[in-house]
Amino acid sequence: MLDKEFQNDGLPEHIQQAVRSIARLHAAHYEGATPLQRAFRKSTSVLAQPVLIATVTAGIAAWMAYNVFAPILGYTVLDPPPFGGVSMAVSVASLYIVLLIYATQRRDDELAELREQLTLELALLGEQKTAKVIQLLEEFRRDIPIVPNRTDEQADAMAQSVDPERVFDEIKHTHSQLS
């Protein structure tokens, strides 16, 4: 299904392939969600709608207005000021909404972590490819008889592939010095 969506949009094939790969990553993440996680996602989507916010605001305002004007109109007051009942209901609803958002965000963080790992792996792969291209260019330059042979220290350094663990250790060392 994803492959057909991106076939005729005028993008080069390698870009279409990258878009399809990312779409498959997202689709696999969402397909791997439990029914409860899907329900949480749908619930947070509903809660984020402006119409729901306006409805809740209007409902609370109507509740307060009813309880303020009920004695004047001869009705029974359900929740006299300072409106302890509505305060309790809003507090409980807030607690559940926070927990719902937290559960949804936690699931979204898993996807973000996957994307971050993919980005890092692709960056390291790109760095290795670049180092290999520089190595090949330097070999080619040395093998051409009309080009004078010389040492290019910068090209030699760039031709060395980076060890990610050494970089990580250096980052930790630098951060510890700044702290």
Item to check | Cα→Cβ-extended label distance, 7 Å offset, between ALA89 and LEU36, nm | outcome: 2.8 nm
Checklist entry - By the scheme Lys and Arg +1, Asp and Glu -1, what is the net charge of all other residues having a beta-carbon under 12 Å from that of ALA103? => result +1
Next on the checklist: Once R0 is set to 35 Å, what does the formula 1/(1 + (r/R0)^6) return for the Cβ-Cβ distance between ILE53 and THR119, expressed as a FRET efficiency to the nearest 0.05?
Outcome noted: 0.50
Checklist entry - If you count, for each residue, the other Cβ atoms within 10 Å and average over each peptide, how do 42-51, 13-22 line up from highest to lowest? => result 13-22, 42-51
Checklist entry - Roughly speaking, what is the stretch gain from ALA157 to MET64, that is 0.36 nm per residue apart minus the C-alpha to C-alpha distance, in nm to one decimal? => result 26.2 nm
Checklist entry - Based on the Kirkwood radius over alpha-carbon pairs, what value in µm²/s does the Stokes-Einstein equation return for the translational diffusion coefficient of the chain at 20 °C and 1.002 mPa s? => result 91 µm²/s
Checklist outcome for this item: Longest principal axis of the chain (C-alpha) makes with the long axis of helix 50-73 (C-alpha) an angle, in degrees to the nearest 10, of 20 degrees
Checklist outcome for this item: Longest principal axis of the chain (C-alpha) makes with the long axis of helix 164-178 (C-alpha) an angle, in degrees to the nearest 10, of 60 degrees
Checklist entry - Got the relative contact order for the chain handy, in percent, Cα pairs under 8 Å and 6 or more residues apart? => result 16 percent
Checklist entry - Could you give the nm distance between label points at HIS175 and TYR75, where each point is 7 Å from its Cα heading toward the beta carbon? => result 5.9 nm
Next on the checklist: Compute the helix-to-body angle for 84-143: its Cα long axis versus the longest principal axis of the chain, expressed 0 to 90° and rounded to tens.
Outcome noted: 10 degrees
Checklist entry - Applying 1/(1 + (r/R0)^6) with R0 = 25 Å to the Cβ-Cβ distance of ARG166 and ALA112, what FRET efficiency is obtained, to the nearest 0.05? => result 0.45
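Each reported figure results from applying straightforward, stated rules to the coordinates on display, with no laboratory input. Nothing here was measured: the structure is a model prediction, and the numbers come from that model. Positions of Cβ are generated from backbone atoms using ideal geometry, with glycine treated the same way; all protein chains shown enter the neighbour counts.
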